[in-house]
Amino acid sequence: MRVAHLTTVDTSLRYLLLPQLLAVVAEGGVAIGISAPGDSVDHLAGLGIEHRPLASSTRSADLRADLRAAAELWSVLRREHFDVLHTHNPKPGLYGRVLGRLAGVPVVVHTTHGLYATTEDRWPKRLAVYLAEALAARFSHAELVQNPEDLALMTRLHILPRGRGVLLGNGIDLERFDPDRHGNARAVMRRRLGIGDDQLVVGTVGRLVAEKGHRELFEAMTLLDRHYQLVVVGPEDPEKADALPAEVLDAARARGVRLLGMRSDVEELYAAMDIFVLASHREGFPRAAMEAAAMGLPVVATDIRGCREIVVDGDNGLLVRPRDPAALAAAIARLGPDAGLRARMGARGRARARTDFDERQVVARVLDTYAQILQAGPSGRRRRARATPRGRSCGRG
């Protein structure tokens with residue numbers, strides 16, 4: 001079986017979708033990534049994953065580039081014979097589903113990693129997003145939705161054709177993010193970073209864009225004493241319209257914030273943290289918060305969809321209002337002095353991760369969706385608009 005995953009950039013293939021790609025290879029199939037080419041292509045090739053470049057694919061708002069990328073994808077689809085085209089991200093998800101069906105790909109599947117509009121957005125933006133998703137969804141055979149709140153909204157508003165919505169959830173590598181495997185990492189990493197044993201490390205992981213709530217977190221740290229050290233893991237993202245400007249980052253550094261950039265040893269960095277914070281304005285089902293919970297950290301997160309799937313307020317962390325630096329600071333200050341509370345919340349987060357955040361379950365649901373559609377044959381695929389997949393659209397399986 002030849003399975004192609006379509007994303008905007010190759011880092012998504014490597015860091016978000018690798019388990020799904022490797023699962024195809026493990027079953028004797030051919031896994032292909034389609035995206036803008038980058039540094040991750042060679043890494044994927046070393047794992048037996050092929051790549052087809054879309055030279056014009058970009059994360060920035062550029063309609064001409066998007067049209068060129070769509071034309072490049074059409075050439076790939078007409079030249080090659082894929083059994084499955086699995087699309088991701090808003091822009092390739094839109095043109096990829098349409099072109100996949102027009103090119104006659106037997107199975108076209110899309111994953112919604114988080115609707116690109118929130119209930120706080122103005123109606124014009126929400127309407128544009130909802131209409132675009134509704135149009136594209138008519139061209140897929142199945143719509144895998146990570147977040148149950150998104151699935152409920154998309155079903156209620158008839159964005160999804162009847163029977164095509166599948167609750168996917170999200171998961172991580174629980175063996176990699178296991179605190180028992182990193183017993184001495186805390187001391188080693190803190191020594192490397194020059195952080196004293198008496199300091200409380202507040203950590204966050206995410207691209208340096210405003211949507212991730214970094215501005216509010218930077219401001220929150222100014223409300224706390226110097227006993228707290230903020231460590232930020234994540235790359236700059238200059239293609240995005242809300243990329244944090246250099247002056248904001250320079251001011252944060254001047255106040256002592258550690259901006260570590262993109263790191264491959266994030267599990268060891270989690271081990272060095274005392275509190276994890278995710279101050280995002282919008283999320284689908286955030287991996288960083290799952291990873292932190294799996295590593296036994298209490299999580300302070302904004303009270304938005306996605307974060308609510310990971311943090312149970314008062315149990316394994318605290319939920320606060322989005323865009324509220326004072327609320328962030330208060331939550332951090334509540335956890336900071338109480339090592340016992342941090343330990344109890346961290347233990348409950350680890351237990352929740354073991355139960356709910358295993359990426360192997362997510363991969364199994366994806367492969368099961370492919371198999372059901374392929375087994376149904378062409379006539380069965382046409383009937384999917386009127387029939388619910390077997391027991392999969394109502395829960396996580």
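Note on ASP313 and LEU157: their simple-model spin labels are 2.4 nm apart, each label 7 Å out from Cα toward Cβ.
May I ask you to sort TRP123, TRP74 by Cβ crowding, counting other Cβ atoms within 10 Å and putting the fewest first? If you can, show how the numbers build up before the last one.
Values: TRP123 9, TRP74 15.
Sorted ascending by nearby Cβ count, the order is TRP123, TRP74.
Estimated purely from DSSP H runs of n ≥ 4, each contributing -39500 (n - 2.57), the mean residue ellipticity at 222 nm for the chain is -13500 deg cm²/dmol once divided by its residues.
Taking neighbour Cβ counts within 10 Å as the exposure measure, how do MET189, MET295 sort from fewest upward? Could the numbers behind the result be given before it?
Numbers: MET189 20, MET295 27.
Placing the least packed residue first, the sequence is MET189, MET295.
Take the Cβ atoms of LEU341 and ARG192, set R0 to 25 Å, and the FRET efficiency comes out at 0.35. I'd like the orientation of helix 63-79 relative to the chain: the angle between its Cα long axis and the longest Cα principal axis, in ° from 0 to 90, rounded to 10. The angle comes out at about 50 degrees. Placing a pseudo-label 7 Å from each Cα along the Cα-to-Cβ vector at ARG334 and ALA55 gives an inter-label distance of 5.4 nm. If one takes the longest principal axis of the Cα atoms in the chain, at what angle in degrees, from 0 to 90 and to the nearest 10, does the Cα axis of helix 123-137 lie? Taking Cα atoms only, the helix is inclined about 50 degrees.
Subtracting the Cα-Cα distance of ARG138 and ARG68 from 0.36 nm times their residue separation leaves 22.9 nm of extension gain.
Let me make sure I get this right: for the range 179-356, a, b and c are the square roots of the gyration tensor eigenvalues over alpha carbons, sorted descending. Under 1.5 in a/c it's rounded, otherwise prolate if a/b > b/c, else oblate. Which is it? Display every interim value, and only then the final one.
Working: a/c = 1.36, a/b = 1.15, b/c = 1.18.
Rounded.
Given the alternatives (i) 156; (ii) 182; (iii) 135, volume of the Cα convex hull per residue in Å³ as computed for this entry is given by (iii).
Estimated at 0.36 nm per residue, the fully extended path between ASP173 and ALA45 surpasses their Cα-Cα distance by 44.0 nm.
Would you please give the FRET efficiency between ALA364 and THR11, computed as 1/(1 + (r/R0)^6) with r the Cβ-Cβ distance and R0 = 30 Å, to the nearest 0.05?
Details: r = 24 Å, r/R0 = 0.81.
For ALA364 and THR11, the calculated efficiency is 0.75.
In order along the range 280-286, phi translates into HN-Hα couplings of 4, 8, 9, 9, x, 7, x Hz, rounded to whole numbers, per the Karplus curve 6.51 cos²θ - 1.76 cosθ + 1.60 with θ = phi - 60° and x for Gly and Pro. Projecting the Cα atoms of MET189, ALA330, PRO148 onto the dipole axis of the chain, where Lys and Arg carry +1 and Asp and Glu carry -1 at the beta carbon, places PRO148 farthest toward the positive end. In this calculation the C-beta distance from THR119 to ALA241 is compared with R0 = 25 Å, giving a FRET efficiency of 0.75. Take every Cα pair under 8 Å whose residues are at least 6 apart in sequence, average their separation, divide by the length of the range 179-356, and the relative contact order is 23 percent. When each of ARG122, ARG215, ARG344 is scored by the number of other beta-carbon atoms lying within 10 Å, the sequence from fewest to most is ARG122, ARG344, ARG215. Rounded if a/c is under 1.5, else prolate if a/b beats b/c, else oblate: with a ≥ b ≥ c from the C-alpha gyration tensor eigenvalues square-rooted, which is the range 5-118? Here the range 5-118 falls in the rounded category.
Taking square-rooted eigenvalues a ≥ b ≥ c of the alpha carbon gyration tensor, is the range 95-178 rounded, prolate or oblate, where a/c under 1.5 means rounded and, failing that, a/b exceeding b/c means prolate? It comes out oblate by the Cα gyration axes.
Since every read-out is calculated from the coordinates, none of them should be taken as a lab result. Keep in mind it's a predicted model, so treat the numbers as computed, not measured. Don't worry about glycine lacking a Cβ; one is built from the backbone with ideal geometry, like all the others, and counts go over all protein chains shown.
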